[in-house]
Amino acid sequence: MKLLDGAVAAVDHGGSLGRAKALFPHAPQPFVDLSTGINPHSYPLFELPATALSRLPEGARARELADVAARAYGAPSAANVAAVPGTQILLPRVASLVKPGKALVLGPTYAEHSRAAAIAGHAVAEVDGFEALAAADLATIVNPNNPDGRVVKREDLLRLAEKLRARGGLLVVDEAFMDVGPHRESLAADVGQGGIVVLRSFGKFFGLAGLRLGFALTDALTVERLEAQFGPWAVAGPALEYGIRALADTDWQIEMRRELAGDAARLDALFDRFGVPVAGGTTLFRCVRLPDAAGLFSALGERGVLLRHFSDRPLVLRAGLPGGDEEWRRLESALADWASRRNDADREIKR
């Protein structure tokens, strides 16, 4: 964790078209942005009531959102749900729920968890073994993991939570991608026990990341502590309206999970056709691992197709899903061009 003038350094993320233009100034545009894990098939837009923009959000509407979210995610009740303007803003606040101590993050994973724990004053380390988390005051797991899709079983998480709770520790489980994960492994139903915070992201699965809506599922007292930090009107009117409607729309959710599964299988087949090995992921993103990951990233970027690269994992790339026939065509063409150049280089070496 690098420090700049006493502050924790920002993390480089996917999804920045400004950075993409700087990296690939001659690439055809618009970019096919596969650098995020956001659903390209967003929840249908609808006409908002004028009051969603012209009035401060009503407390009754916020309570309705908490109730709908509790049912959608399987939390015990609305009292176990804190709704906030995006999950990202929660991370340092959740890390501050325990006094500064040892924070361990099961990695490699989403880098913001380590940064948030450092902001909260913890001594932070990333560990590669689940059992090591038992020594933490603050233990964080992304489940399913980003970017490789690793899933930790619920029973193992509950045992860890019990150990941490016995000495005042906290288990944070980031379930940002659990909408497309194995629901049986979610800890949402268990948060009433205390010592557990489950984070759920609205924007990724519903494809509406710009709304900035997220949730902390935890025991009722911790919900009150978090809500007190945000004060009234934490969630904007438009986010309330979309959250209430989309989280209650189970038919859309079921059909979307089917569509995403088909898209992920199609992406795997396309990668396999051009010799790109898929190493895991979820149905919202695929993780690939290959020796020439940097070459693939650059070759596709030059063709206007953006993948997510990781400066600390040079052999790994993450690819989101194309959003339509034209994006699929451009990805296929870019992969074919990369594979052709790679094969030509291999033949030249063998001469």
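The values are calculated or read from the model by the stated rules, or taken from the named source; none is laboratory data. As the structure is a prediction and not an experimental result, all values here were calculated from the model. A quick note on method: Cβ atoms are made from the backbone with ideal geometry, for glycine too, and the neighbour counts reach across all protein chains shown. For accessibility, only protein heavy atoms count, side chains too; no ligands or nucleic acids. Shrake-Rupley method; radii C 1.70, N 1.55, O 1.52, S 1.80 Å.
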Item to check | Residue tally, condition polar (S, T, N, Q), in contact with a Ser or Thr (Cβ under 8 Å, 6 or more places away or on another chain) and either without any contact (Cβ under 8 Å) to a residue 40 or more places away in the chain or open to solvent by 20 Å² or more (accessible area, probe 1.4 Å) (or both), over the stretch 58-86 | outcome: 0
Checklist entry - Among the residues of the stretch 166-187, which ones are farther than 21 Å from ALA264 by Cα and among the hydrophobic types (A, V, I, L, M, F, W, C)? => result ALA166, LEU170, LEU171, VAL172, VAL173, LEU187
Item to check | Counted residues, the stretch 12-57 - those being of a type outside the set (A, V, I, L, M), surrounded by 14 or more Cβ atoms within 10 Å (Cβ to Cβ), over 20 Å from the mean Cα position of the chain (by Cα) and farther than 19 Å from LEU317 by Cβ | outcome: 1
Checklist entry - Among ALA60, ALA118, ALA83, which is the only one that is modelled with pLDDT of 95 or more and touching a helix residue (DSSP H, G or I) at 6+ places or on another chain (Cβ under 7 Å)? => result ALA83
Next on the checklist: LEU187 - would you say it is without any contact (Cβ under 8 Å) to a residue 60 or more places away in the chain, under 17 Å from the mean Cα position of the chain (by Cα) and closer than 18 Å to VAL94 by Cα?
Outcome noted: yes
Next on the checklist: Show me the strands (runs of 3 or more DSSP E) found entirely inside the stretch 74-135 where at least 1 residues are in contact with a Leu (Cβ under 9 Å, 6 or more places away or on another chain) and more than 21 Å from ASP179 (Cα to Cα).
Outcome noted: 102-106, 123-127
Checklist entry - Would a scan of the stretch 242-249 turn up a residue that is in a strand (DSSP E or B) and out of contact with any Ser or Thr (no Cβ under 9 Å at 6 or more places or on another chain)? => result no
Checklist entry - When the residues of the stretch 97-119 are filtered to those that are open to solvent by 20 Å² or more (accessible area, probe 1.4 Å) and under 21 Å from the mean Cα position of the chain (by Cα), which remaining residue is nearest to SER201 (Cα to Cα)? => result TYR110
